Amino acid sequence: MSRKLTSILAEFTPSRALAAMVFLPLLAFAFQPFPNMFLSFPMRFLFWVGVTALALCVTWIARRLTQKYFSEAHFSARDVILVLVVLALFVPSLWLMSWLLLKAGGQQAPGLLSVVPYGALFATGLVLVRGHMQGEMLEQEPEPSLPRLAKRLPDTFSGRVYRLTVRDHFVDVVTSQGVFTIRSRFTDAIDEMEPITGHCTHRSHWVTDDAITGVEKTDGKTFLRLKNDDLVPVSRKYKPMLEQHGVI
């Protein structure tokens with residue numbers, strides 16, 4: 001829960017807060033939300049604040065959904081899916097917020113179709129910004145840091161390590177390029193994962209922080225979902241530490 005909350009709060013950066021403090025009052029002063037409908041400045045300000053908050057929440061949800069279920073899709077296909085998710089979430093939420101706000105102010109509530117242009121405009125802008133940011137990230141993203149453990153792997157290895165699992169005197173190194181088995185003590189293998197950060201979830205399992213995509217519970221047991229879709233068990237011994245560190 002704390003991991004998800006931290007991820008949501010990360011959307012509210014200081015630069016965005018400062019921009020909102022300047023931009024939202026100007027927006028409320030200059031524009032009426034809907035044609036042929038006059039709202040007072042406080043009502044307009046509340047409307048645009050609500051639109052901004054909804055946009056940030058929908059952005060977070062849509063990004064998580066596309067990353068979790070459509071991460072392997074082609075870039076243009078992900079864009080289409082992102083637009084559909086945004087429209088499905090943003091338009092009904094915006095209409096409901098507008099309906100409640102205008103009804104409270106004694107105004108005629110807008111129809112659902114009147115808020116569709118907001119959703120289409122927001123979705124288009126989000127895709128354009130996302131494409132620009134991904135292009136910059138591809139240009140600027142450095143090569144992934146390899147742990148010392150990579151020296152025990154094939155010379156051609158250049159991927160990422162997701163987790164370690166001990167089996168007797170051997171350790172399975174699960175990576176983005178497959179599973180490699182090395183002869184090592186579990187504690188030594190974990191030490192050799194520096195500078196990659198991670199956590200023990202079980203006496204037989206260690207996972208990298210970057211590989212964790214979610215937390216799932218089945219029959220009262222807790223598991224971590226990884227980028228390669230593995231489910232790693234969380235034992236009662238390590239659960240308090242993972243909670244303390246915000247992993248679950």
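Things to note:
- Enumeration of residues in the range 216-248 that are crowded, with 16+ Cβ neighbours inside 10 Å and in contact (Cβ under 8 Å) with a residue 24 or more places away in the chain: THR222, LEU224, LEU226, LYS227, ASP230, VAL232, VAL234, TYR238, LEU242, VAL247, ILE248
- Pick from the range 1-51, criterion assigned to a loop (DSSP other than H, G, I, E, B) and buried (at least 17 other Cβ atoms within 10 Å of the Cβ), ranking: modelled with the lowest pLDDT: PHE34
- Total residues in the range 182-208, condition in contact (Cβ under 8 Å) with a residue 40 or more places away in the chain, touching a Ser or Thr at 6+ places or on another chain (Cβ under 9 Å) and either assigned to a helix (DSSP H, G or I) or among the charged types (D, E, K, R) (or both): 1
- Here the range 117-167 is the region considered, the condition is being basic (Lys, Arg) and either outside any helix (DSSP H, G or I) or at pLDDT below 70 (or both), and the residue that is nearest to the chain's Cα centre (by Cα) is ARG130.
- The single residue among SER93, SER114, SER98 that is under 16 Å from VAL51 (Cα atoms), at pLDDT below 75 and not aliphatic (A, V, I, L, M) turns out to be SER114.
- Checking each residue in the range 209-248 for being assigned to a loop (DSSP other than H, G, I, E, B), within 29 Å of ILE61 (Cβ to Cβ) and among the basic types (Lys, Arg) picks out only LYS227.
The values are calculated or read from the model by the stated rules, or taken from the named source; none is laboratory data. Given the structure is predicted, the values throughout are model-derived calculations rather than measurements. Because the Cβ atoms are built from the backbone with ideal geometry, glycine has one as well, and the counts that use them run over all protein chains shown.
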